[in-house]
Amino acid sequence: PEELMGLASITREWKGGEAMLIDAVAESLSLEQVRLRTGAFGPDAIVMAVGYSTFPDDVETANTLAADHPRVPVCVTGYLPSGAPDEVLRNTRIRVVLLDEPELAFSDLYDCLAAEGALDRVDGIAFRDGERIVVSSRRPRIDDLDRLPFPDHSLVELSRYGEPMRPSPMGVTVSSRGCPCSCTFCTRTYGKLVRYRSPDNV
């Protein structure tokens, strides 16, 4: 949930808002448990990370939460929705797709929603407006990764995370984005251009 922890940091540090992170996979939560926890928090927006292997479950969760909270925009981020925003928006109850790197688009979207402004003023998103699907201008890749806040690890329990060769607790540090390679088994979520955080920032 590294990206979602980063978006939570933007909510808390840049906007002075509140954020809650639910990792239903790590916590082995049922959809009903996710619904109850989300409802208790009372969100103004719901942001989800959508993956390939979890796509059917992610869509079911998004559709259910959108039905539970009809006035709350359900937003998603990830390689799959960024690559096919029209299809995702037309076939689900998802309202907004954060395209490519989500942080700066999310920051502007947060301000837009808070001001009840028009979503078509926000670059780096796609959204559904009634029957109309709008894909805004893509943002350039983020060159200065140091400007992004650190992911808010207080929102997760690190003891839930581990690997077969590296038992829990385990954390992850992302020191760069982008990959120049073209491996057929991989997705270049952050594009081909490699950008690095500074050594001091790491």
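The values are calculated or read from the model by the stated rules, or taken from the named source; none is laboratory data. All values reported here derive from a predicted model rather than from experimental measurement. Positions of Cβ are generated from backbone atoms using ideal geometry, with glycine treated the same way; all protein chains shown enter the neighbour counts. Areas reflect the complete protein model, heavy atoms only, side chains present, ligands, DNA and RNA absent. Shrake-Rupley method; radii C 1.70, N 1.55, O 1.52, S 1.80 Å.
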Selection from region 180-202 of residues open to solvent by less than 50 Å² (accessible area, probe 1.4 Å), part of a loop (DSSP other than H, G, I, E, B) and modelled with pLDDT of 90 or more yields Val194, Arg197, Ser198, Asn201
Residue set Asp123, Asp143, Asp152; condition touching a strand residue (DSSP E or B) at 6+ places or on another chain (Cβ under 7 Å) and charged (D, E, K, R); output residue Asp143
Reported set for region 129-155 where residues are farther than 18 Å from Cys75 by Cβ, touching a helix residue (DSSP H, G or I) at 6+ places or on another chain (Cβ under 7 Å), open to solvent by 60 Å² or more (accessible area, probe 1.4 Å) and assigned to a loop (DSSP other than H, G, I, E, B) is Phe150
For Thr189, the lone unmet condition from (1) over 17 Å from the mean Cα position of the chain (by Cα); (2) within 25 Å of Val122 (Cα to Cα); (3) hydroxyl-bearing (Ser, Thr, Tyr) is (1)
- Does region 118-128 include one or more residues that are among the acidic types (Asp, Glu), assigned to a loop (DSSP other than H, G, I, E, B), in contact with a helix residue (DSSP H, G or I) (Cβ under 9 Å, 6 or more places away or on another chain) and open to solvent by 60 Å² or more (accessible area, probe 1.4 Å)? yes
Ser168 passes all but one of the listed conditions (1) open to solvent by 80 Å² or more (accessible area, probe 1.4 Å); (2) more than 20 Å from the chain's Cα centre (by Cα); the exception is number (1)
Scanning region 83-105 residue by residue, those small (Gly, Ala, Ser) and touching a residue at least 40 places away in the same chain (Cβ under 8 Å) turn out to be none
The correct count of residues that are within 16 Å of the chain's Cα centre (by Cα), free of Cβ contacts under 8 Å to residues at least 60 places away in the same chain and surrounded by 15 or more Cβ atoms within 10 Å (Cβ to Cβ) in region 5-32 is 2
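The rows are residues; the columns are (1) surrounded by fewer than 19 Cβ atoms within 10 Å (Cβ to Cβ); (2) under 20 Å from Glu101 (Cβ atoms); (3) within 16 Å of the chain's Cα centre (by Cα); (4) not aromatic (Phe, Trp, Tyr).
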{"site": "Val34", "(1), (2), (3), (4)": "yes, no, no, yes"}
{"site": "Gly39", "(1), (2), (3), (4)": "yes, no, no, yes"}
{"site": "Gly42", "(1), (2), (3), (4)": "yes, no, no, yes"}
{"site": "Val50", "(1), (2), (3), (4)": "no, yes, yes, yes"}
{"site": "Asp58", "(1), (2), (3), (4)": "no, yes, yes, yes"}
{"site": "Ala62", "(1), (2), (3), (4)": "no, no, yes, yes"}
{"site": "Ala67", "(1), (2), (3), (4)": "yes, no, no, yes"}
{"site": "Pro73", "(1), (2), (3), (4)": "no, yes, yes, yes"}
Within region 33-77, the count of residues that are in contact with an Asp or Glu (Cβ under 8 Å, 6 or more places away or on another chain) and either within 21 Å of Asn91 (Cβ to Cβ) or among the basic types (Lys, Arg) (or both) comes to 8
Only one of Leu113, Leu80, Leu98 is surrounded by 16 or more Cβ atoms within 10 Å (Cβ to Cβ) and touching a strand residue (DSSP E or B) at 6+ places or on another chain (Cβ under 8 Å), namely Leu98
